[in-house]
1. Which of the residues belonging to the range 252-272 are crowded, with 18+ Cβ neighbours inside 10 Å and in a loop (DSSP other than H, G, I, E, B)?
2. Tell me, which strands (runs of 3 or more DSSP E) wholly within the range 80-153 include 3 or more residues that are closer than 28 Å to residue 42 by Cα, in contact with a strand residue (DSSP E or B) (Cβ under 6 Å, 6 or more places away or on another chain) and in the same structural domain as residue 419 (by TED's automatic domain parsing)?
3. Kindly check whether there is at least one residue in the range 293-302 that is assigned to a loop (DSSP other than H, G, I, E, B), buried (at least 23 other Cβ atoms within 10 Å of the Cβ) and either of a type in the set (D, E, K, R) or at pLDDT below 95 (or both).
4. Is it the case, given these coordinates, that residue 157 is under 28 Å from residue 58 (Cβ atoms), acidic (Asp, Glu) and outside the structural domain of residue 353 (by TED's automatic domain parsing)?
5. Here's a check for you: in the range 53-81, which residue that is touching a Lys or Arg at 6+ places or on another chain (Cβ under 7 Å) and in contact (Cβ under 8 Å) with a residue 40 or more places away in the chain is surrounded by the most Cβ atoms within 10 Å (Cβ to Cβ)?
6. Pairs needed: first member in the range 140-154, at negative phi; second member anywhere, among the charged types (D, E, K, R) and in a strand (DSSP E or B); C-beta distance under 7 Å; at least 6 residues apart or different chains.
7. Could you pull out the residue among 275, 249 that is among the basic types (Lys, Arg), in contact (Cβ under 8 Å) with a residue 60 or more places away in the chain and part of a loop (DSSP other than H, G, I, E, B)?
Amino acid sequence: MVGKGFRFVSLHLALLSLLLATPLAADEFRSPSLTALRVDWRAGLDQLRSEINSRPQIAGDFIFAPRRTVPRYDPRAMPALVQLNAISSRFFTGITRSPVPVLLPFDAAAYLDAQRSGAPATLALSRYQADFNPVDMFDAGPAGYSATFSLDPGAGEGMPSRVYARPVEVQITGSALVYDIADPAGGKGEPVKPLAAAYPDLRRFIREGYVRYAFTRFGAAYVVSIQCLDSVARPRRLACKEAYPVAERFLKALRIAGGQRMRPLTDVASNIIDRPAVRSPDFSYRPSGDIIPNTGYRKQGGHPDAMAYAQIRFPLEKAPAFVRSQSYGKRDKSEGPTAFPWRDNFCESRSFEVWQCGGGYGHQGEDIRAAGCPPPGEGREPCDPKQRGVVAVRDAIVIRGVKDQAATLQVNSRTEHIRFRYMHMNPHAMNADGLVNGRLVSEGEKIGVVSNYLDRPAGTSLHLHFDVQVFTRDGWIWVNPYVTLVSAYERLIRARGREIGPEIAITSQPVAHALPQDVLKPDLREGAGGEEN
């Protein structure tokens with residue numbers, strides 16, 4: 001058995017060495033690699049038993065003896081989980097779709113005990129959630145689950161005395177799939193001594209606009225995060241140090257709320273992506289990482305990344321469309337502000353943290369502009385430049401509060417755990433269309449129009465900001481979507497683009513596929529909420 005395991009690791013080490021030594025051709029794109037984690041549901045069941053036994057009045061109602069007369073992956077094999085899911089699904093729709101134990105600040109045992117004792121039906125759910133409000137967003141699927149809760153200003157015994165301008169939002173994701181990203185800053189953080197007994201491997205760190213708490217339990221990866229400023233407090237913004245007690249209150253309240261044992265996921269290997277053979281006579285693009293000179297943070301350059309992180313439908317309804325800078329376009333010496341070739345603007349200078357960019361700061365995504373209306377002519381369809389359609393890039397669930405200026409689509413499947421964010425569409429129009437938390441959208445479905453909203457109408461130029469986040473052991477992290485968009489546009493126009501411009505050496509990223517954790521550290525991110533220009 002030892003020899004077999006050694007050969008397995010040696011094979012993947014050899015594959016890693018080969019990929020590191022072999023550069024991609026200048027215009028070849030690669031898909032990402034993902035590691036599937038093995039979930040220990042027996043350990044989850046043991047924790048659930050401990051939590052239920054804290055309420056002797058109801059402990060006898062739960063059946064923890066395994067049912068050996070049914071298949072291993074039949075829900076009835078763990079009857080206590082079936083019973084728990086029946087309670088939790090009233091508040092967390094679809095919780096049985098999670099293949100990892102769902103940890104939430106919901107004390108199902110306390111809730112059931114109160115109901116048995118005749119507690120009034122009107123009793124606030126926050127009573128059983130450590131004062132956190134009912135869940136704002138909950139999504140469970142084949143890769144794992146995500147949820148968002150909030151704590152009202154002044155709520156929670158022992159919380160800081162400062163009254164915040166708005167509720168503090170806490171996010172949690174648990175996943176059995178993690179993306180293998182070669183992030184040199186991944187895996188870092190400091191221990192949290194007060195929580196060390198409950199979470200032996202817990203790491204706290206501030207990254208890309210969030211304080212994050214990452215840990216492993218039952219073999220799965222979990223990250224709790226709060227958006228904050230890594231600085232002194234401001235009247236309307238939470239300082240990260242102020243967020244610590246809120247996040248730690250959340251962590252102390254986590255209980256197993258549900259989930260269901262399923263067949264293990266499989267690792268996803270990185271491959272060269274197939275692209276159209278026919279060449280486009282028009283579509284051309286400059287290489288990934290080739291940003292306009294001197295527009296990066298402290299005049300640093302871009303970051304070449306040949307990864308197409310997902311196969312998506314292009315986010316604009318129709319071609320032609322142009323990926324071009326909306327902040328530094330006048331510095332670009334190409335053919336014009338809305339012409340080919342495309343140009344990467346992921347690492348343009350902004351105040352937003354981005355791990356891939358020089359100095360750690362960048363744009364977070366790509367600006368996309370629709371083509372202008374052609375001159376009126378006989379037989380041409382009417383054209384309104386303010387009605388250029390924006391579409392869903394995949395079948396996905398929407399993550400968006402009614403006050404949010406950005407809409408995020410999340411894909412949660414057996415082979416992907418990825419998010420796509422759209423910015424600058426009018427929030428009032430999105431509310432009217434029901435583009436809010438929990439809405440399901442289909443690939444190609446129109447979800448808005450290219451607009452110019454940034455804090456107010458006409459706050460920026462008419463364009464769409466589009467970015468991509470993937471889940472890692474350190475949370476949701478931004479990755480460069482440029483090549484993903486090039487690949488999607490080629491599928492839209494059914495023709496292959498032509499890469500032009502200076503040669504930039506692009507090599508494949510290391511594939512951390514199935515390597516031991518002490519050999520290669522993971523990566524990090526939990527989507528920050530910066531607004532771009």
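The values are calculated or read from the model by the stated rules, or taken from the named source; none is laboratory data. Note that the coordinates shown come from a computational prediction; the quantities given were computed from them, not determined experimentally. Please note: Cβ atoms are built from the backbone with ideal geometry, for glycine as well, and neighbour counts cover all protein chains shown.
1. 254, 259, 260, 261, 262, 265, 270
2. Correct list: empty, since no element meets the threshold.
3. Of the residues in the range 293-302, the ones assigned to a loop (DSSP other than H, G, I, E, B) are 293-295, 300-302.
From what's left, buried (at least 23 other Cβ atoms within 10 Å of the Cβ): 302.
Remaining after also requiring either of a type in the set (D, E, K, R) or at pLDDT below 95 (or both): 302.
Yes, the range 293-302 contains at least one residue that is assigned to a loop (DSSP other than H, G, I, E, B), buried (at least 23 other Cβ atoms within 10 Å of the Cβ) and either of a type in the set (D, E, K, R) or at pLDDT below 95 (or both).
4. Yes, satisfied.
5. 78
6. Within 7 Å, the pairs are 145/139; 146/139; 148/169; 150/169.
7. Values: 249 fails: part of a loop (DSSP other than H, G, I, E, B).
Exactly one of 275, 249 is among the basic types (Lys, Arg), in contact (Cβ under 8 Å) with a residue 60 or more places away in the chain and part of a loop (DSSP other than H, G, I, E, B), namely 275.
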